[in-house]
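The structure appears below as C-alpha cells.
The values are calculated or read from the model by the stated rules, or taken from the named source; none is laboratory data. Keep in mind it's a predicted model, so treat the numbers as computed, not measured. We place every Cβ from the backbone using ideal geometry, glycine too, and count neighbours over all the protein chains shown.
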Amino acid sequence: MDTLARWARAEWGLLYGTVRAPLRERGPAALPMTVGVVCLTAFLQYVQNQPWGYRVVQDLGAVRAEDPLWQALLRTPLSLFVPALDLPVWGALAQILLVFGIAELCLGWWRTLVIAYVATLAGTLYARVGITLGAHAPFGLPWTDAQVVDTGPSAAVVGLAVFVSWRYGAYGTAGAVTLAMVVEVLVKENLAGKEHLAALMAVGLLCLLAAVRHRRGGVPCGAFRHLRPGRRAGRGSGLPPIQS
C-alpha cells in the first residue's frame, strides 16, 4: 500500500496540488469556462434532439470530410461541443467537466481552448487526408467516412488529458491514455479512433514545442514553472512550492 501511495504521489501529486488550491478557495467559480462548456454541450444535445433543432445544429457545428474546407473550418469551433447522437450525453458531459476543468485550473481558460481546438482541428484535417489516401493505405480511410460526422468533444478531451498529464509530470497517465487510443483503433478501426490518434500527434507536437521553449529558457519541463503564486502546487497542498 505504501508503494502504491508513493507512486500515486509521484504521478499525480503536483497535478493534485495545483487543482486543489483554487477549488478550495473559490469552488465552482474557479471553473467558469468549464461550467460554460458543459452547459453549452448539454444545450446543443437538447437542441439537436428536437425536430426543429437537428438541422440547425448540423448546419452550425457538424463537420464532415465531404464538406467544403472553408465550411468545415467555420463549423469546427462549435463542433467541439456537439456530442455524438449515438452515445450517452452524460458520458461526454462527465469527461468535459473532469478534463476541461483540470485543464482550466492548470493552464488557464484560453490555453485550454486553444489546445482543445488544435486537437479537434487535427482530427478534422486528418479525415480529409485519410480519405484522399484511400482505404488500402496504412493511414487511409474509406470514402464512406467522408459522410461521417467528426468526433465532437472527444478529440479535445483526449488531447487535453495527454497535454496536462505530460506538463505536470503524470507520464504514466499520458502513456495510458495514448495506449488506450491505439488499442481503440486496433480493436475497432473507425474514423473517430483515427481522429483521436491525429489529435494526439498534434498535441505531441505542442508538447515538443513547449519542451524546446522551456529548455531554451533554462526552465525544467514537466510542470508550469511560471504559474502565478496563487496557483502554485505548494500553496495549501502539502507539497513543496515550485521554485521559479
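Is it true that residue 158 is in contact with a His (Cβ under 9 Å, 6 or more places away or on another chain), aliphatic (A, V, I, L, M), touching a residue at least 40 places away in the same chain (Cβ under 8 Å) and in a helix (DSSP H, G or I)? Steps first, please.
Working: in contact with a His (Cβ under 9 Å, 6 or more places away or on another chain): yes; aliphatic (A, V, I, L, M): yes; touching a residue at least 40 places away in the same chain (Cβ under 8 Å): yes; in a helix (DSSP H, G or I): yes.
In short, yes.
Out of everything in the range 132-153 that is under 14 Å from residue 190 (Cα atoms) and surrounded by 22 or more Cβ atoms within 10 Å (Cβ to Cβ), what residue ends up being modelled with the highest pLDDT?
141
Give the number of residues within the range 39-70 that are β-branched (Val, Ile, Thr), without any contact (Cβ under 8 Å) to a residue 60 or more places away in the chain and closer than 19 Å to residue 93 by Cβ.
Count: 2.
With the requirement that a residue be touching a residue at least 40 places away in the same chain (Cβ under 8 Å) and among the β-branched types (Val, Ile, Thr), what does the range 86-128 give you?
89, 96, 99, 102, 112, 115, 118, 120, 124
With the condition kept exactly as written, say whether any residue in the range 198-213 is modelled with pLDDT under 90, under 22 Å from residue 92 (Cα atoms) and either out of contact with any Phe, Trp or Tyr (no Cβ under 7 Å at 6 or more places or on another chain) or not in a helix (DSSP H, G or I) (or both).
There is no residue in the range 198-213 that is modelled with pLDDT under 90, under 22 Å from residue 92 (Cα atoms) and either out of contact with any Phe, Trp or Tyr (no Cβ under 7 Å at 6 or more places or on another chain) or not in a helix (DSSP H, G or I) (or both).
Let's see how each residue does on (1) among the β-branched types (Val, Ile, Thr); (2) loosely packed, with under 12 Cβ neighbours inside 10 Å:
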site: 16; (1), (2): no, no
site: 21; (1), (2): no, no
site: 31; (1), (2): no, no
site: 41; (1), (2): yes, no
site: 52; (1), (2): no, yes
site: 63; (1), (2): yes, no
site: 71; (1), (2): no, no
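Does the range 158-179 include one or more residues that are under 30 Å from residue 55 (Cβ atoms), of a type in the set (Ser, Thr, Tyr) and surrounded by fewer than 18 Cβ atoms within 10 Å (Cβ to Cβ)?
No, there is no match, as no residue in the range 158-179 is under 30 Å from residue 55 (Cβ atoms), of a type in the set (Ser, Thr, Tyr) and surrounded by fewer than 18 Cβ atoms within 10 Å (Cβ to Cβ).
Could you check the range 72-151 for helices (runs of 4 or more DSSP H) lying wholly inside it with 2 or more residues that are among the aromatic types (Phe, Trp, Tyr) and over 19 Å from residue 181 (Cβ atoms)?
109-133
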